[in-house]
Amino acid sequence: MTTIHLNVNGRPVACQAGPEALLIEVLRGPLGLTGTHAGCDTTQCGACTVLLDGEAVKSCSVLAVQAQGCRVTTVEGLARDGQLHPVQQAFIDCHGLQCGFCTPGMVMTATCLLSKTPRPTDAQIVDALEGNLCRCTGYVNIVAAVRQAAQAIEGGAA
């Protein structure tokens, strides 16, 4: 076992993990952050997407030891002072979810996109979300949610 030191959702944390432990296992297990969903375990679905030093990564494909010293943001870390992040709020407002299983990964991927591309085109949104699968919504409302979040962030809601 190795002690892993991370900054998770703005707080320093340390936990024990074996050399083969995946980041998602550490997040959901010892850290109790179950908003990050374990879906396919093969990097196909994107439900486990988190931000690692600001980049969207599938946490089922990252060893916990690889994240040593990194900043990790999960869906639980987006809200501030009891206010949902504009991306989270837009997913609700635009009905960008149905069962909700894929939503945390979609939200994290969209958050990463908007941090780099504040005014994305629909094509850029679709391209960014390519690695996140949803079996319920058909993506129209998800794209609308990202569009609305971009406008809210630009207007100062973030």
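Here are some notes:
- For the residues GLU55, GLU76, the requirement of being modelled with pLDDT of 95 or more and either crowded, with 23+ Cβ neighbours inside 10 Å or farther than 22 Å from PRO30 by Cβ (or both) singles out GLU55.
- Residue match in segment 122-142 (condition: assigned to a loop (DSSP other than H, G, I, E, B) and of a type in the set (S, T, N, Q)): yes
Yes/no per residue for (1) outside the structural domain of PHE101 (by TED's automatic domain parsing); (2) at positive phi; (3) surrounded by fewer than 22 Cβ atoms within 10 Å (Cβ to Cβ); (4) touching a helix residue (DSSP H, G or I) at 6+ places or on another chain (Cβ under 8 Å):
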residue: CYS15; (1), (2), (3), (4): yes, no, yes, yes
residue: LEU27; (1), (2), (3), (4): yes, no, no, yes
residue: GLY32; (1), (2), (3), (4): yes, yes, yes, no
residue: GLY35; (1), (2), (3), (4): yes, no, yes, yes
residue: GLN66; (1), (2), (3), (4): yes, no, yes, yes
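- Within segment 85-95, none of the residues are in contact (Cβ under 8 Å) with a residue 60 or more places away in the chain, touching an Asp or Glu at 6+ places or on another chain (Cβ under 8 Å) and either in the same structural domain as ILE125 (by TED's automatic domain parsing) or not basic (Lys, Arg) (or both).
- Scanning segment 88-111 for residues that are assigned to a loop (DSSP other than H, G, I, E, B) and under 14 Å from the mean Cα position of the chain (by Cα) gives GLY100, PHE101, CYS102.
- Restricting the first member to segment 137-158 and to residues that are among the charged types (D, E, K, R), and the second to residues that are part of a loop (DSSP other than H, G, I, E, B) and surrounded by fewer than 16 Cβ atoms within 10 Å (Cβ to Cβ), the beta-carbon pairs closer than 8 Å and six or more apart or on different chains are GLU154/PRO118; GLU154/ARG119.
The values are calculated or read from the model by the stated rules, or taken from the named source; none is laboratory data. Computed from a predicted structure; not experimentally measured. Please note: Cβ atoms are built from the backbone with ideal geometry, for glycine as well, and neighbour counts cover all protein chains shown.
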